Amino acid sequence: MKESEKSLDPQLWHACAGPMVQIPPLNSKVFYFPQGHAEHSLAAVDFPSSPPVPALVLCRVASLKFMADTETDEVYAKILLMPLPNTELDLENVAVFGSDNAEKPASFAKTLTQSDANNGGGFSVPRYCAETIFPPLDYTEDPPVQTVVAVDVHGETWKFRHIYRGTPRRHLLTTGWSTFVNHKKLVAGDSIVFLRSENGGLCVGIRRAKRGTGNGPEAGSPFLSFLREDESKMMMMNRNGDWRGKGKLKAEAVLQAATLAASGQPFEV
């Protein structure tokens, strides 16, 4: 399997994706909306008039891959859908997002301040994260200090010096933090995610800041911010007239998925 095709641990993936992102469970029934799929395309999708593409297709979730971009660490999912005959339509068994009550591992996310993202600075660790997610400090030492080892979404190991110092005292990540910031190209507004996995290991992930393009209320509205970011990327073109948005959905991919769905063949989104 290619490095870029490795599927992530679902718990780390969900922690990085955030609470607004929910994925239908394996083997659940869902509806596929070709027009909604087309709205994520870089260019307009010209659906054929004959045979017509249905407005929605009942499908079964055949497989799930939890992925992360190798350059940005941004997470995304690949979902293989198997079209079903309409005779199997049963709304009671169609997946309802938000119905998963499975216990989730302890995780914590913090939006980076300018000080956190400063090239030569450290990371100010909130007390909850330090005491709940990180390994326990030995407070009999002066000052209490330890090396924290975390694994990112690509399986790469990062080491940070965790120290409790200052007046008033606070938790800080010092040595190793600036290397992480530089390598991941983090800026103020990005978020860092720490997760304590089921086996006790520490994982680290990233949520990139969403840059809005318009005026109006954006705080507390991540979905609006997401749409604005997409709109901004769609409008950005380089000198050759090519779209800049790396990894964005191509019209051909949408057309292929919709055509396969209409003909009852499995397809990927």
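The values are calculated or read from the model by the stated rules, or taken from the named source; none is laboratory data. No experiment lies behind these values; they were computed from the predicted model shown. Because the Cβ atoms are built from the backbone with ideal geometry, glycine has one as well, and the counts that use them run over all protein chains shown. Surface areas here come from the heavy atoms of the whole protein model, side chains and all, with no ligands, DNA or RNA. Shrake-Rupley method; radii C 1.70, N 1.55, O 1.52, S 1.80 Å.
Here is the figure for segment 100-133: residues that are modelled with pLDDT under 65 and open to solvent by 80 Å² or more (accessible area, probe 1.4 Å) total 2. Here's a check for you: in segment 119-158, which residue that is without any contact (Cβ under 8 Å) to a residue 60 or more places away in the chain and of a type in the set (S, T, N, Q) is nearest to V187 (Cα to Cα)? The residue in question is S124.
When you scan segment 52-59, do you find a residue that is exposed (fewer than 15 other Cβ atoms within 10 Å of the Cβ) and closer than 13 Å to V269 by Cα, even just one? No - not one qualifying residue is present in segment 52-59. Before we move on, is S124 more than 22 Å from the chain's Cα centre (by Cα), assigned to a strand (DSSP E or B) and of a type outside the set (A, V, I, L, M, F, W, C)? Yes; evaluated as a whole, the condition is true for this residue. Summed over segment 193-209, the residues that are under 17 Å from T113 (Cβ atoms) and over 12 Å from the mean Cα position of the chain (by Cα) give a count of 1.
The number of residues in segment 134-173 that are open to solvent by 30 Å² or more (accessible area, probe 1.4 Å) and aliphatic (A, V, I, L, M) comes to 3. Listed by position, the helices (runs of 4 or more DSSP H) inside segment 174-269 whose residues that are in contact with a helix residue (DSSP H, G or I) (Cβ under 8 Å, 6 or more places away or on another chain) and either open to solvent by 30 Å² or more (accessible area, probe 1.4 Å) or at pLDDT 90 or above (or both) number at least 3 are 251-262.
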